Amino acid sequence: MLPSAHQAPPAGNVRYEQAADGSLCAHLAGVWCLQGPHPEVSPPPDWAGVGGLRFACAELGDWDSRLLVFLDRLCREARAAGVPVALDGLPPGAVRMLHLAAAIPEHESPASQAQTSIAALGQRALGTARAAREMVGFVGEIALGLARLLTGRAQIRWRDVGQVIVSCGPDAFPIVTMISFLVGLILAFVGAIQLRMFGAEIFVADLVGIGIVREMGAIMVGVVMAGRTGAAFAAQLGTMQVNEEIDAFQTMGVAPVDFLVLPRLLGLTLMMPFLCVYANLMGVLGGLFVGVTMLDLGVMEYYIQTKAAVGVNDLAVGLVLSFVFGILVAFSGCYRGMRCGRSSADVGRATTASVVTSIVMLVIATAAITVLCDILGV
């Protein structure tokens, strides 16, 4: 008896047949669509002793992602048990989609990533060694790029250097002004509370002047530029990595370090000392504001005391710090961006890592330079 024209198509089902050669054949039949009835799916037999998995689709009707989900799960179970899978019997479209799904690794939850402490420690050590090796390699690439620049062979556009200077300099003045002024104000306020008990309010000028000019001005500018410009460098280069623009540069014979890294490195390094001097001025003005409004000090009195306390050595130390900070922030942002992965999540991780790396390097460099200055008596 022929089926009625209005009769619903048969629901999807699968049955397993053990072949003489030990392979397992999964016969797919019916309709496997999300809008249709739920397929009748029975669990596969024990994988022990199965020599392979193949498919037969002679009775398969319409299908969509419901069939793909089932096939993907079944193939993963078979491969996990060490059973080879042959996809020849499936529709060509399903085969292509399964290959595409297998090309993307499955996201593992934190619980599935839990390992023994020794294995985790070993993996962390290997990851640290690999990251250190990549960082040293990137330093070498930058050194070669600077050598090409000095010999006039670098593929660099000076217009890009000018754009980076504008982005790192004038565009950063508002945030540097606010942060530096407030830091100077806070230092003066904290010092005034203690010095007022001894009637030595005038030495607030010494505290603010030396602290800002020698250390805090450069440090605050470094932190601000790490969060503002270093992160921007990482995001820009990371996005170019995702879009395969950096690969295109290499294909065209253009060195990415020369074209992308050197302009950012030069622009930020050149602007950091100027930003440091400006931050010093704003920090001293913040201290002056507290001295005049809270401590009843005169403007000229505060200025003379600051001039007597702050020496050329203090200014030189601050400028050296800012110069080093500019190199470190630009290096961190460009390194994380150039080593970014191929997804939007990798861009976010690279941006976060650039800020963390920059701040850690700033703290280490500050400690090293401070100890060095103490040894040299500067």
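The residue pairs whose first member lies in the stretch 85-101 and is closer than 13 Å to residue 74 by Cβ, whose second member is in a loop (DSSP other than H, G, I, E, B), and whose beta carbons are closer than 9 Å, counting only pairs six or more residues apart or on different chains, are 94/87; 98/87; 98/90.
Can you tell me which residue in the stretch 101-119 is surrounded by the most Cβ atoms within 10 Å (Cβ to Cβ), limited to those that are modelled with pLDDT under 80 and of a type in the set (A, V, I, L, M)? Among those that are modelled with pLDDT under 80 and of a type in the set (A, V, I, L, M), it is 101. Kindly check whether there is at least one residue in the stretch 120-134 that is under 20 Å from residue 233 (Cβ atoms) and either modelled with pLDDT under 90 or part of a helix (DSSP H, G or I) (or both). Yes, the stretch 120-134 has at least one match.
With the checklist (1) in contact with a Cys (Cβ under 7 Å, 6 or more places away or on another chain); (2) within 12 Å of residue 331 (Cβ to Cβ) in hand, flag the one item residue 241 doesn't pass. For residue 241, the failing item is (2).
Contact annotation: residue pairs with Cβ atoms under 6 Å, 6 or more positions apart or on different chains, pairing a residue in the stretch 246-270 that is in the same structural domain as residue 148 (by TED's automatic domain parsing) and in contact (Cβ under 8 Å) with a residue 60 or more places away in the chain with a partner that is of a type in the set (Asp, Glu) and in a helix (DSSP H, G or I), are 257/141; 263/160.
Under the condition of being buried (at least 16 other Cβ atoms within 10 Å of the Cβ) and within 23 Å of the chain's Cα centre (by Cα), the residues counted in the stretch 170-184 number 1.
Conditions tested, residue by residue: (1) more than 21 Å from residue 145 (Cβ to Cβ); (2) assigned by TED's automatic domain parsing to the domain that holds residue 153; (3) out of contact with any Gly (no Cβ under 9 Å at 6 or more places or on another chain); (4) not hydrophobic (A, V, I, L, M, F, W, C).
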{"site": "217", "(1), (2), (3), (4)": "yes, yes, no, yes"}
{"site": "222", "(1), (2), (3), (4)": "yes, yes, no, yes"}
{"site": "231", "(1), (2), (3), (4)": "yes, yes, no, no"}
{"site": "289", "(1), (2), (3), (4)": "yes, yes, no, no"}
{"site": "299", "(1), (2), (3), (4)": "yes, yes, no, no"}
{"site": "305", "(1), (2), (3), (4)": "yes, yes, no, yes"}
{"site": "310", "(1), (2), (3), (4)": "yes, yes, no, no"}
{"site": "315", "(1), (2), (3), (4)": "yes, yes, yes, no"}
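As for the stretch 142-159, it holds at least one residue that is within 24 Å of the chain's Cα centre (by Cα) and among the aliphatic types (A, V, I, L, M). The set of residues in the stretch 306-328 being over 25 Å from residue 360 (Cα atoms) and buried (at least 20 other Cβ atoms within 10 Å of the Cβ) consists of 306, 310. Which one of these is farther than 19 Å from residue 98 by Cβ and in contact with a Phe, Trp or Tyr (Cβ under 7 Å, 6 or more places away or on another chain): 37, 45? Among 37, 45, only 45 is farther than 19 Å from residue 98 by Cβ and in contact with a Phe, Trp or Tyr (Cβ under 7 Å, 6 or more places away or on another chain).
The values are calculated or read from the model by the stated rules, or taken from the named source; none is laboratory data. None of the values given here were measured: they were computed from a predicted structure. Cβ: placed from backbone, ideal geometry, glycine included. Neighbour counts: every protein chain shown.
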